[in-house]
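One structure is given below, encoded as C-alpha cells.
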Amino acid sequence: MKSSKLNSEDLKKVKALQEKKNRELLERFIIDKTDLKVKNKYSDKELDAENERRKILDTIRNLWDSESIDATILNNPAGYETIFTQEYYQEMFRLNNWEYDGIISEKPWQAGRHTNEIIYYRFSKEVLPFLRLVNPFIIPGIRKYKHHQFLTTGARKELSKFIFQATNLMRKYDDWNSFRIAYCELYNVPYQLKLLL
C-alpha cells in the first residue's frame, strides 16, 4: 500500500482551509445564538441588537486569531464529565467558612467567581472571555454547559492539573484570602487585593 505524504505547501493549504472552516462555524454559532427573529427591522432595539452581534463577531474574529484559542477551545461542547473534585470544593468551603454536609452539589455564586480567578485565569488571557461568549448565561447565574465542556482534551488535562495544584495548596491555609494571594503569586495569576472590613 502506497502512503501519500503532503508537501509543506499542501499542508499550509489544508491548515488554512481548516482555520477558515473553524471561523465560519464559530460565526454561524454566534449568529444562531443571537436573536435573529426581527419583528421591526429598523427599530432602535433591533439596530442595537444587530450592532451587538457585529461587535461580538469582530471580537470572535480577533480572539480566533490567537493560537491559544484554537488549541484550547472546541467549536461544540463535549459531553459532561466530572472534572472539579469534591476535595476542591470542600477546601474552598473550609477556607471561606461556608457550611456543607456531605456531597457538595449546590454552591454559592462566589464559588464560580473564585474558580474563574484561581483556575480559568491560569489559561491565556483570551480563554475565559471566549468561554463566556460561546457559553452565555441562559438565565442569570446558570449556563447551559459547564465551561470545561468547551475545552479540548489537552486543555481539560491542564485544567485537572490546575485543580489538583489548587486543592493541595488550599490544604496549607486557614483562610481564603491568604490562600488566594499565595496561589496567585505562585502561579503568576493576576489578582486584586480586597479590602477587609
**Asked** Hey, among GLU91, GLU87, GLU46, which residue is over 20 Å from the mean Cα position of the chain (by Cα), in a helix (DSSP H, G or I) and modelled with pLDDT under 70?
**Response** GLU46
**Request:** Test ILE138 against the criterion of being part of a helix (DSSP H, G or I), out of contact with any helix residue (DSSP H, G or I) (no Cβ under 7 Å at 6 or more places or on another chain) and aliphatic (A, V, I, L, M), and give yes or no.
**Result:** no
**Message:** Which residue is surrounded by the most Cβ atoms within 10 Å (Cβ to Cβ), if the candidates are limited to segment 181-195 and must be assigned to a loop (DSSP other than H, G, I, E, B) and touching a helix residue (DSSP H, G or I) at 6+ places or on another chain (Cβ under 7 Å)?
**Reply:** VAL189
**Request:** Scan segment 162-180 residue by residue and report those that are more than 12 Å from HIS114 (Cα to Cα), out of contact with any helix residue (DSSP H, G or I) (no Cβ under 7 Å at 6 or more places or on another chain) and of a type outside the set (Phe, Trp, Tyr).
**Result:** GLN165, ASN168, LYS172, ASP174, SER178
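The values are calculated or read from the model by the stated rules, or taken from the named source; none is laboratory data. Values in this document were obtained by computation on a predicted structure and should not be read as measured data. Backbone-built Cβ (ideal geometry, glycine too); neighbour counts: all protein chains shown.
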